[in-house]
Structures are given as structure tokens and as C-alpha cells.
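For reference, the structure is listed below as C-alpha cells.
The values are calculated or read from the model by the stated rules, or taken from the named source; none is laboratory data. Everything numeric in this text was worked out from a predicted model, so none of it was measured. With ideal geometry, Cβ positions are generated from the backbone for all residues, glycine too; neighbour counts draw on all protein chains shown. SASA here: full protein model, heavy atoms, side chains in, ligands and nucleic acids out. Shrake-Rupley method; radii C 1.70, N 1.55, O 1.52, S 1.80 Å.
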Amino acid sequence: MPDSRTMLPSPPKRIGVAADHGGFESKEYLAGMLREAGYDVVDFGDSQPEPDDDYPDFVVPLALAVARGEVDRGVAICGSGVGACIAANKVPGVRACLIHESFSAHQGVEDDDMNVICLGGRVVANALAWELVRAFLQARFSGAERHRRRLAKISRLEGREAES
Ligand code: RB5
């Protein structure tokens, strides 16, 4: 729903997080920071550091929740962030990206309406991960016609009408 003062989408409030063993510690850290910052956090697991767990078991439920609007945005973490990103993008309506620097963390939302940020728990240290997540959550889709047009072309690939 747009913010009536700015016509930008409302700020995200309900944030889903998910990680396998490669991202577990990072997920725990980010979930704590998100709660401290006032976000409602929904944790899709893993609930413990299990060395033999599989990222799709946590990332796919998170991605489905994002696609259904049950959470506003998602944070998906595995060792590199690659598997999490591949899995999340299989869910129609999810626009997930592996992010390592702050420009893409906000521009991916502003231009491309990214709704899931993927991080590598073995690549990005906690302080940077939090900076990236904050940039991602503070950014909002511009709604510019050229960006809607591009997103509509992607939605058609998924057999969906453009969302906006
Ligand atoms: C699991 O060891 C590791 O492969 C996984 O966390 C992730 O990096 C996959 O992309």
C-alpha cells in the first residue's frame, strides 16, 4: 500500500529471515538487530546450527511467505548466498539478489523492487551484513514507469500479470 504523503510503498515492517548452517550465526545476529530496530521478525529456520541441513528447506518457505505478502521482505542466508538466491528466485513474485555492497542493496529495491536480500554468511561479516540489510529495508521501489515496464516483462515470464 502506498504512503499517501510520498506515494512510495509503505516502509516494510514484517521481515522474514532464513538460513542454513552456513548462514545460521549471521541470521541470529541479524534477527536480533532487526528486533532491536523495531521490526517484526518471522524466523523460517533453521532453529539450530545443524551441519547437514539444506538451505531450500528454509529459504523456500520464506520466499513463499514473501510472494503471498505474509512478510514484507526477506533476508535469506547460506554460506555463499548463492544457493539461497537460486532457491528464492524459483518462487514467482520473488525478486531475490545476492548482495555484497550498499549501492546494490538500495538500488536493487529502488529500481528492481528486490524483495529478498541474499547474503553469504561465510563471506560478509556481521557489521557489513547489518549495513546491507538496513540499506535494503530503508529503500523503497520508485515506481518509475521504465522500471515497472521492465518488471512487467519479468512477471510475464512467470505467467503473472505485472504486480503494479
Ligand atoms: C553449505 O555448506 C553451502 O554449500 C551452502 O550454505 C551455500 O553456500 C550454498 O550456496
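Think of it as helices only: each DSSP H run of n ≥ 4 in the chain is worth -39500 (n - 2.57), and spread over all residues that comes to -13000 deg cm²/dmol at 222 nm. Each Lys or Arg adds one and each Asp or Glu takes one away; over the other residues whose Cβ falls under 9 Å from the Cβ of D57, this sums to -4.
In the distance distribution for the chain, Cα-Cα pairs more than 30 Å apart total 11 percent. A 1.4 Å probe, protein heavy atoms only, puts the accessible area of D54 near 80 Å².
At a probe radius of 1.4 angstrom, the accessible area of the chain per residue rounds to 51 square angstrom.
Other residues with beta-carbon under 11 Å from the beta-carbon of F136 carry, at +1 per Lys or Arg and -1 per Asp or Glu, a net charge of +1. Computing FRET efficiency as 1/(1 + (r/R0)^6) for F103 and D57, where r is the C-beta to C-beta distance and R0 is 35 Å, gives about 0.65. Compactness ratio for segment 33-98: Cα radius of gyration over 2.2 N^0.38 Å (N = residue count) comes to 1.09. Within the chain, the longest segment free of exposed loop sites, counting GluC sites (Glu not before Pro) that fall outside DSSP classes H, G, I, E and B and have at most 16 other Cβ atoms within 10 Å, spans 1-69. A simple spin-label model places pseudo-atoms 7 Å from Cα toward Cβ; at K90 and R68 they are separated by 1.8 nm. Remark on the chain: C78, C97 stand apart, with no other cysteine beta carbon under 4.7 Å.
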